[in-house]
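Inspection log for the structure reproduced underneath, given as structure tokens.
The values are calculated or read from the model by the stated rules, or taken from the named source; none is laboratory data. Bear in mind that the values here come from a model prediction, so they are computed numbers and not experimental data. Here the Cβ is made from the backbone with ideal geometry for all residues, glycine too, and neighbour counts use every protein chain on show.
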């Protein structure tokens with residue numbers, strides 16, 4: 001199996017390593033998230049057609065729905081991952097022939113807030129199917145975000161904290177100067193002051209939106225832009241960096 005990072009949305013985010021890996025795959029596995037996110041599947045199919053070997057196949061399976069109304073968030077995610085693992089297990093056991101290489105095209109980077117690697121480890125742990133897998137890194141939304149805002153992710157001698165909107169809302173920023181926030185459906189930056197924000201949605205796509213400035217000044221604009229974009233497209237993927245402002249005299 002090859003787990004291939006394909007970048008944050010721009011087809012040119014594909015690395016040379018990823019292009020070569022796509023060319024090695026016999027059967028691609030794609031989780032279909034429904035018509036609302038159909039463009040994510042279409043981009044993957046374009047990459048397969050452009051760089052895949054002749055005769056390779058694409059197997060599409062509907063992605064199991066996660067119970068977003070569940071009381072326990074961690075438990076709901078674990079249950080959802082297990083149902084995904086069952087789907088992967090069937091794909092590997094039923095669709096891959098002897099000596100064939102399977103491939104999964106992962107949005108962004110497989111090692112940054114993505115469940116694919118954990119799911120494959122769960123499949124291996126069940127012992128029903130046996131396989132080996134390689135991981136090809138991709139350009140993450142974090143890398144794309146800082147590049148588009150022409151800023152660095154790190155500052156000299158300072159740590160960077162990567163978290164989720166849920167945890168930011170519950171824990172705040174603490175004493176960290178730079179915080180990357182992902183999976184924030186509720187705009188948790190609203191409870192933060194004294195920070196600049198570098199926000200981006202649909203990074204690397206024609207629908208890309210960028211907003212930056214002091215949280216106190218642009219926070220409401222981000223909320224409005226985000227709500228309008230989600231209403232228009234039916235989904236949104238956004239990421240942002242919070243950077244503490246130096247105190248002024």
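Only one of the listed residues (96, 105) is within 17 Å of the chain's Cα centre (by Cα), modelled with pLDDT of 90 or more and assigned by TED's automatic domain parsing to the domain that holds residue 9. That residue is 105. Among the residues of region 115-147, the ones that are in contact with a strand residue (DSSP E or B) (Cβ under 6 Å, 6 or more places away or on another chain) and closer than 28 Å to residue 198 by Cβ come to 10 in all. In the set (1) over 28 Å from residue 231 (Cβ atoms); (2) within 17 Å of the chain's Cα centre (by Cα); (3) assigned to a loop (DSSP other than H, G, I, E, B), the condition left unmet by residue 150 is number (2). Filtering region 174-193 to residues that are closer than 11 Å to residue 244 by Cα and surrounded by 14 or more Cβ atoms within 10 Å (Cβ to Cβ) leaves 176, 177, 178, 179, 192. If you go through region 28-59 one residue at a time, how many are surrounded by fewer than 18 Cβ atoms within 10 Å (Cβ to Cβ), modelled with pLDDT of 90 or more and in a strand (DSSP E or B)? Residues meeting the conditions: 3.
In the list 140, 152, which residue meets the criterion of being buried (at least 21 other Cβ atoms within 10 Å of the Cβ) and either more than 23 Å from residue 64 (Cα to Cα) or not assigned by TED's automatic domain parsing to the domain that holds residue 78 (or both)? Don't jump to the end; show me each part of the working.
Working: 152 fails: buried (at least 21 other Cβ atoms within 10 Å of the Cβ).
Of 140, 152, the one residue that is buried (at least 21 other Cβ atoms within 10 Å of the Cβ) and either more than 23 Å from residue 64 (Cα to Cα) or not assigned by TED's automatic domain parsing to the domain that holds residue 78 (or both) is 140.
The residues of region 88-111 that are touching a helix residue (DSSP H, G or I) at 6+ places or on another chain (Cβ under 9 Å) and buried (at least 18 other Cβ atoms within 10 Å of the Cβ), listed by number, are 88, 89, 92, 102, 103, 104, 105, 106, 107, 108, 109, 110.
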